[in-house]
Structures are given as structure tokens and as C-alpha cells.
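Shown next, in C-alpha cells, is the structure this report addresses.
Every number here is computed from the coordinates shown, using simple stated rules; none is lab data. Just so it is clear, the model here is predicted, and its values are computed rather than measured. Glycine also receives a Cβ, built like all others from the backbone with ideal geometry; neighbour counts cover every protein chain displayed.
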Amino acid sequence: MFPFGNPLHRLRHTHRHNVDTLVSSPVPELSGSLGDLGTLLPLMTALVLTQSISLTATLLFTGAANILTGFAFGIPLPVQPMKAIAAVAIARNFTIQENAAAGIVVAALVGLFSVTGLLNKTNQFTPIPVVKGIQVGAGLSLCLSAGSNMLTPLTWTGPWWGDNLIWAIAAAILLMCTFYFPRMPYAIIIFTVGVILSVLSPEKNSHGPTDTAIPIVHPSGQDFWKATTTASLGQLPLTILNSVIAASALASDLFPSPPYPSSPSVTELGLSVSAINLVACWFGAMPVCHGSGGLAGQYRFGARSGSSIIILGTAKFVLGLVAFFHSSSIINVLSGIPKSLLGVLVLAAGIELAKVGESINTDARDLRIIENANGWDGKKVKQLSEQTRKERWTVMLVTVATLLAFRNDAVGFIAGLGWHLGLKAANKVQEWKERREGRVLLRRASRQYGERTGLLFHEESDRVA
């Protein structure tokens, strides 16, 4: 009756999991909820300053989306900016109408692909090594972004209250301490220090008054055309591949059930992304999606249930109410958080996401042996030949290298898929050659020995029997 199982049973399961996890590990859940701020804060702040989004609407709607996805899925599924749209909007100074149009177009197409089953077919058609390659490539892209945009410009002589290499090194050393103290609330510590430094900074970031109202956006046909041709087409493959397919695969890897709720399918994630943006973008909110990088970051800093993002969503919603009256104050504080600290957060999230590539030949989804309705037991996997292991590793590496070289998920996907199909074709040709050589040898033996060959074969068969 229900396409994804009984929803009431699932909600009861996720609610029980959220409550039990929060009660047993409240500090890691709170720390994990902040694991994606290194990506969210810089982009959201920049879009507000260029007047491409409404801060109040963004905080309220993304906060509500966090809360709803936490209740629905029971895992720390992030709600993070659509990065390709954000990059184009900042570079081209998009109006709020153009930015909304870009998010609406992507959301409509993702929703269409979800309800027609195209997303699910794409997921089934995509080889796991290619999916792993997209995940690893996304993780390394986060690392490169942290280095080039946040950490590289830093100097030793920067202000003590802000961006300098000393703060970055201190944050990195504290990050390494989490190897010995895994329950340390690292993200809470970094975010708290960042806010304190921003407040104490003598160089206040005064951006002037910002619009506190929640607008109702009416994009024109020209807005939709400009947004589609410049931002939406670049964002669509990123959303489908990284925010839906790769996020679903990562959720399955990080949270195999039981004891966790069943991981969201690509169709569920696609419908979720579509619903959020088809509502929020009409009110000037930032276009958002579910990203594998955000999921890896929140997992890295302790989140294990939906309670973590419910906490984050509640905090966003409260800030949205405050922003209705004092949005400029919030922007001043958020924009003053040192990039030296945010950069290390992004770097850690990127490394955590890239680590999923190590399971390509050990416990990847397509290798798991599932013998009952409870899912994978965490132990039984298929055994691969050495040649197959090398081929899977190569396909993943080609996907990663091409994605990074062209900075495009779609190009990496096409290259990895092409390499995978090429290897399969080569193996088929090799099998055909071996069978053909076997038939040729058999005919040669038959011509050389005549009927005696058949007699020998029968005698051998009788002896073995």
C-alpha cells in the first residue's frame, strides 16, 4: 500500500532511535549537529550580503527542513546550500528572483525524475565504484576548497582575533586530539571559539541594515531563463549524483540497519529535495539539498541520529525569528567567525567523506550478502578476484581524477561509467577469445587423432565416473 513501507511504523522507529541516541550520547549529537557549518556559514553569509536570499526566510525554512528530515529519516541528513547555484549567484550578483528561479528549476526537475522512477533507474544503473568515486571526489573537492578559499590566504601576522595560521594550526592540533578522545565535542568547541572571537573583534563587520521581511518572490520568464542557463544546469547533475545518489549510498554505508532506521532511498531523497525548495524558494530562501559531504561531516563529529539535526534545525528556526528583528546583528557575528577555524571544519568533513573509498573492495553495498529481512549483518561479503579488485579501484580512481580535473561531477560520472563499460567489454572479448581458442584446439585434436579422440574422451569420462 505504501511505497516506502508503513510510514507510521517508520516514524515510531526513527523517533525511538532519535530519543535513545540523544539520551545516551547528548554531547556527541550536539557536536555533530555543527559538523556542516563550515560549508553553510560562508555561502549563506555571502548570499545575504549580495542580497540574493533572505536571511530570515533561509533560517526559518531550512530550520524547519532540518527538523522534518530528522523526524522522517532518523539519521543526521544535512540540509546544505546548492553549491553550484551559490557560486554562480555570488559571482554574477543574482537578484533574489533569479536565485529563487534557479532553485525552483532544479527542484522541479529532481521531483520529476523522482516520481517517474528515473532517479531510481539511474541509481541501479550506476556501478558502485563510480558512486564511490563521486563521493571521494566530493570529499577531495571540499579539501581543495578549504585550502584555496579559506586556509591558503592566511598569514602568520594576521590579527590575533581572526584569520591567521596560528589559529588554523591550533584547530588542526585539537582535531588530531579527537583520535585519542573521540567523544570530544570538537565542533562545539570550534564554533564557540569562533563566535567569541567574532564578538571580541575590534574590527566589527558592519554590513548595514538588511531586509528582515520574508518576501514573496515572483520570478519572471527572463529570470527563469537566465537562472536555468547559468546556474540550474550546472547544479542539476551535482544534486542528482552527489546530493541524492551518493548521499543515499553513504547513508547505507554509515548506518547499516539494524540498529539504525532503514537508509533513505534515492527516490525519497529526491522528493525531499524537491519539496523543500518548491516551498522555500518562493519566499526567498537559499536553495538547498542533502549532501554527502555534510552527512560525512556531521558523522565525523559525533552525530548518529536525527536528533542532531533536529537540534540544529531548532536553533536555526529560533535564529530566524530573531533575524526578523535583528538580521544585521546575526550577519555581523556569523561573517566574523575566522575562516581559519571554518576551514579546518571543512577540511575534516572532506577527509571523512573521501575515506569511504577504502571500502570499495571490502564491504561496499554491492558486495554485502543479505540473508534475512533485517539487512546486512556487517560480516558476510562476496570474495573478489585480484583482477576484479584492481578493476574496481581503477574505475573509482578514473572517476575521482576526472571529477577533480574538470571540477564537474557529471564529467566524472561519464568518465567512470565509460571506463567501467570499457572494462566489461574487454572482459567479454577476452572470454570470447578463450572460448574460441578452446574450440580451435578441440577441432585440431579431433583432426589429428580422428575418431580415437572421441573414444579417449569417453574412456576418461567413464574412469572419472
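Each of the GluC sites (Glu not before Pro) that DSSP puts in a loop and that has at most 12 other Cβ atoms within 10 Å breaks the chain; the longest unbroken stretch is 1-202.
Take every pair of alpha-carbon atoms less than 8 Å apart whose residues are at least six positions apart; their mean separation over the length of the chain yields a relative contact order of 33 percent.
Reported to the nearest whole Å, the Cα centre-to-centre distance from the range 239-294 to the range 39-83 is 13. Label-to-label distance for MET176 and ARG444 is 6.3 nm, based on points extended 7 Å past Cα in the beta-carbon direction.
Stokes-Einstein D for the range 78-146 at 37 °C, 0.692 mPa s, Kirkwood Rh over Cα pairs, in µm²/s? Diffusion coefficient, whole number: 228 µm²/s.
Hydrodynamic analysis of the chain uses the Kirkwood radius over alpha carbon pairs. Inserted into Stokes-Einstein at 4 °C and 1.567 mPa s, it gives a translational diffusion coefficient of 54 µm²/s. Over the range 1-124, Cα pairs under 8 Å with separation of 6+ residues give a relative contact order of 29 percent. Stretching the chain fully between HIS218 and LEU421 yields a gain of 68.6 nm (0.36 nm per residue, less the alpha carbon separation).
For helix 451-464, what angle does its Cα long axis make with the longest principal axis of the chain, in degrees from 0 to 90 and rounded to 10? On a 0 to 90 degree scale, this one is about 70. Answer rounded, prolate or oblate for the range 317-438, using the Cα gyration tensor with square roots of eigenvalues a ≥ b ≥ c: rounded when a/c is under 1.5, else prolate when a/b is larger than b/c, else oblate. It is prolate, given that a/c is not under 1.5 and a/b is the larger ratio. FRET efficiency for the pair VAL381 and LYS428, taken as 1/(1 + (r/R0)^6) with r the Cβ-Cβ distance and R0 = 22 Å, rounds to 0.30.
Model label sites at HIS326 and LEU144, defined 7 Å from Cα along the beta-carbon direction, differ in position by 4.1 nm. Shown here for the range 146-182: chymotrypsin sites (Phe, Trp or Tyr not before Pro) in loop regions (DSSP other than H, G, I, E, B) with at most 11 other Cβ atoms within 10 Å, namely TRP156, TRP160, PHE179, TYR180.
Extension gain for PHE406-ARG16 works out to 136.0 nm (0.36 nm per residue, less the C-alpha to C-alpha distance). Quick check on the range 136-210: take the gyration tensor over C-alpha atoms, sort the square-rooted eigenvalues as a ≥ b ≥ c, and tell me if it's rounded (a/c under 1.5), prolate or oblate. Since a/c reaches 1.5 and a/b is larger than b/c, the shape of the range 136-210 is classed as prolate. I need the calculated FRET efficiency for the pair LEU8 and ILE169, taking r as the beta carbon distance and R₀ as 35 Å, to the nearest 0.05. E(calc), rounded to 0.05, equals 0.10.
Compute the length gained on full extension between ALA275 and ILE369: take 0.36 nm times their separation in residues and subtract their Cα-Cα distance, giving the result in nm to one decimal.
30.4 nm
Cross-link partners of LYS424 among lysines, defined as those whose alpha carbon lies under 16 angstrom from its own and excluding same-chain residues fewer than eight positions apart: LYS390, LYS433.
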